[in-house]
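Taking it in order: structure first as structure tokens, then the write-up.
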Amino acid sequence: MRDLYEKELKDLKDKFDKMKELTDNILNESLDFNLKDVANIKIKLKQIKGLEKELFQNCKLLIITQQPIANDLEFITKIMKEAAKLKAIAKSSFNCAKIINKTPKSYFFNMLIDMANMLLTMLKAHENKNFEEVNRLESAINSQFKQIKKELMLLADKENVSYLFELLLLSKYFEKIADYIK
């Protein structure tokens, strides 16, 4: 009986790792400012949503049938919490990809590209458990977002307001993803 339980916990971890890998892929693909198509990202997002649903179902089943205690219960509830964050990162990344895909490249400016690069660096720092660097980058991304808002207000006119609004949304998604990673 215990062997089956251990196998179920391992399967849970494997599904979570697959979900994390897909989310990392989506984030990396979404932040490519030369993005041509979002169809592949959309497919991966659908897979992530399916994995999250499976994970939640498996976690609830394990809690009810095995009534885990201490470390196992903490592990299972952490998987549920982190899976929800991964789905949120994937959804926000997909929204970024849609904006990047439809916005003329001439509207992207260095601060926005720097913000995207900081996000990728932050993700790596999180994977390496360098939480001091994660906090530093999250703070820098928040500062960049505030600066971008100011810059966009100065650039706004009737001709380009639609694209500038999209850039504001994009920078907000970047900030939100940083919050999820943290």
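For the stretch 11-51, which positions are among the β-branched types (Val, Ile, Thr) and free of Cβ contacts under 8 Å to residues at least 24 places away in the same chain?
Within the stretch 11-51, the first condition is being among the β-branched types (Val, Ile, Thr), and the residues that meet it are 23, 26, 38, 41, 43, 48.
Answer for the stretch 11-51, where residues must be among the β-branched types (Val, Ile, Thr) and free of Cβ contacts under 8 Å to residues at least 24 places away in the same chain: just 43.
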Residue that is farthest from the chain's Cα centre (by Cα), among those in the stretch 140-172 that are touching a residue at least 60 places away in the same chain (Cβ under 8 Å) and surrounded by fewer than 20 Cβ atoms within 10 Å (Cβ to Cβ): 163
Taking residue 182 as the residue in question, decide whether it is surrounded by fewer than 19 Cβ atoms within 10 Å (Cβ to Cβ) and farther than 17 Å from residue 91 by Cα. no
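So, in the stretch 113-137, of the ones that are aliphatic (A, V, I, L, M) and closer than 13 Å to residue 33 by Cβ, which residue ends up surrounded by the most Cβ atoms within 10 Å (Cβ to Cβ)?
Ranking the candidates gives 119 first.
For every residue, the table says whether it meets (1) assigned to a helix (DSSP H, G or I); (2) closer than 20 Å to residue 32 by Cβ; (3) among the polar types (S, T, N, Q).
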{"site": "68", "(1), (2), (3)": "no, no, no"}
{"site": "78", "(1), (2), (3)": "yes, no, no"}
{"site": "90", "(1), (2), (3)": "yes, yes, no"}
{"site": "111", "(1), (2), (3)": "yes, yes, no"}
{"site": "159", "(1), (2), (3)": "no, no, no"}
{"site": "163", "(1), (2), (3)": "yes, yes, no"}
{"site": "171", "(1), (2), (3)": "yes, yes, yes"}
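Consider residue 69 carefully, then state whether it is under 29 Å from residue 173 (Cα atoms) and not assigned by the TED database to the domain that holds residue 115. Full working, then the answer.
On the way: under 29 Å from residue 173 (Cα atoms): no; not assigned by the TED database to the domain that holds residue 115: yes.
No.
The values are calculated or read from the model by the stated rules, or taken from the named source; none is laboratory data. Every value quoted in this text rests on a predicted model; they were computed, and no experiment measured them. Note that we place each Cβ from the backbone using ideal geometry, even for glycine, and neighbour counts take in every protein chain shown.
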